[in-house]
Structure formats: structure tokens, C-alpha cells
Amino acid sequence: MKGRAVLAALGAAAILAGCGTADANFPAETVCPSPQAVPTSRATPGTVSPQAFVGRVRAGAAELRRAREELREVYPDDRFYRRDAFRPDFAAYADRTLCLARELRALQAPTERLAAWKARVDAALDELAAHTAAGREAVRRRNVSEYREWYRGADAKIEAVEAAAMASP
């Protein structure tokens, strides 16, 4: 009788260990590609064009939205999908978002006037990156509750980046 109780406890522990744990098949975070260069000014060669700088930040914000929409087309609701492709697809989305957020964050404002605007964009990018990294980790660990938390906040984080980028510099 005591042996059966021990076996039952071990079986239950094995089942519980399978919930919320990572596996070796989850993709490692990808190395981000080299950032795109921002065009320089024709009037002052070697100096980043303020218009090109603002355009690059705004295009990056739009790209973040596109990445989210592409993921939503395949996985339209807050369910943690059991399909084999979900976890690698989510990792790819998260990596794309994180790389773009880091690339945009690394851009240096070419003028003092744009520095304050860029600081607001950077704050929103930092929030998005932290939220996305938490979502990636939730999916890696198969933590459905944390995934749903990511899902509830993902659009708001992207909207905050878009709002900051589209604000008047």
C-alpha cells in the first residue's frame, strides 16, 4: 500500500512537472540582424537627416504593428494553442519584435529637439520589449496564465509606441 502511494505521488509530480516547464525544442532567441542605416543629410554629409530619422522611427512602429497583426491572423485569440507550430511561431514573433524594438531604441536623435521626442518613444519601446520578453518566456515555459497576461497587454504596448512615434516631434 505504501509503495502504491509513493508511485502515485511520483506520477502526480511527473504530470505537474510537465505543466509550465520549458523543453529543449523551444527556439533560442535569435541574434538580431545589423540595424538599417538611417540616411544622412544632403546638406551636411555624414549627419543623419532629421526627416529620415523620424521616418525610420515611425516606419519601425508600423512594422511592430504589422508583426502583431500577422501573428493574430494565425492565432486570433488569447488561447494558448496546442498546435506544434504555435510555440516556434510565437518565438519568431517575439524575436522579430524584440530585435526591432532594440534597433529603434539604439537610434540616436540627430538634434536636441528630436531627443525629447525620441526619449518618449524609447520609454514606450522599453515597455514593449519587457512585455514581449515576458510573453516569450511564458510561451517557453508553457505558462498559460502568463501568456494570457501578455495577450491582454500586447496591443496596448504597441499602441503606446505608435502614439509616441506619431506625436509631433
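The values are calculated or read from the model by the stated rules, or taken from the named source; none is laboratory data. Quick caveat: nothing in here was measured; it's all calculated off a predicted structure. We place every Cβ from the backbone using ideal geometry, glycine too, and count neighbours over all the protein chains shown. Quick note on the areas: whole protein, heavy atoms, side chains included, nothing else; ligands and nucleic acids left out. Shrake-Rupley method; radii C 1.70, N 1.55, O 1.52, S 1.80 Å.
Check off (1) open to solvent by less than 60 Å² (accessible area, probe 1.4 Å); (2) over 18 Å from CYS32 (Cα atoms); (3) touching a Cys at 6+ places or on another chain (Cβ under 8 Å) for ARG142 and give me the number that stays unchecked.
Going through (1) open to solvent by less than 60 Å² (accessible area, probe 1.4 Å); (2) over 18 Å from CYS32 (Cα atoms); (3) touching a Cys at 6+ places or on another chain (Cβ under 8 Å) one by one, ARG142 breaks only (1).
Looking at (1) touching a Phe, Trp or Tyr at 6+ places or on another chain (Cβ under 6 Å); (2) surrounded by fewer than 17 Cβ atoms within 10 Å (Cβ to Cβ), can you tell me which one GLY135 breaks?
If we test GLY135 against (1) touching a Phe, Trp or Tyr at 6+ places or on another chain (Cβ under 6 Å); (2) surrounded by fewer than 17 Cβ atoms within 10 Å (Cβ to Cβ), just (2) comes out false.
Look through GLU73, GLU29 and report the one residue that is in contact with an Asp or Glu (Cβ under 9 Å, 6 or more places away or on another chain), open to solvent by 30 Å² or more (accessible area, probe 1.4 Å) and acidic (Asp, Glu). Let's see the steps before the verdict.
Numbers: GLU73 fails: in contact with an Asp or Glu (Cβ under 9 Å, 6 or more places away or on another chain).
Only one candidate qualifies: GLU29.
With ALA67, ALA59, ALA85, ALA115 as the choices, which residue is within 13 Å of VAL161 (Cα to Cα) and of a type outside the set (Asp, Glu)? So that I can check it myself, show each step before the final result.
On the way: ALA67 fails: within 13 Å of VAL161 (Cα to Cα); ALA85 fails: within 13 Å of VAL161 (Cα to Cα); ALA115 fails: within 13 Å of VAL161 (Cα to Cα).
Within the list ALA67, ALA59, ALA85, ALA115, the selection yields ALA59.
On the basis of being touching a residue at least 24 places away in the same chain (Cβ under 8 Å) and more than 21 Å from THR30 (Cβ to Cβ), does ARG148 make the cut?
Numbers: touching a residue at least 24 places away in the same chain (Cβ under 8 Å): yes; more than 21 Å from THR30 (Cβ to Cβ): yes.
So ARG148 passes the test.
Kindly indicate whether PRO110 is crowded, with 21+ Cβ neighbours inside 10 Å and under 26 Å from SER49 (Cβ atoms).
Yes.
Do any helices (runs of 4 or more DSSP H) lying entirely in segment 48-155 carry at least 2 residues that are touching a Leu at 6+ places or on another chain (Cβ under 8 Å) and among the hydroxyl-bearing types (Ser, Thr, Tyr), and which ones are they?
The qualifying helices (runs of 4 or more DSSP H) are 86-106.
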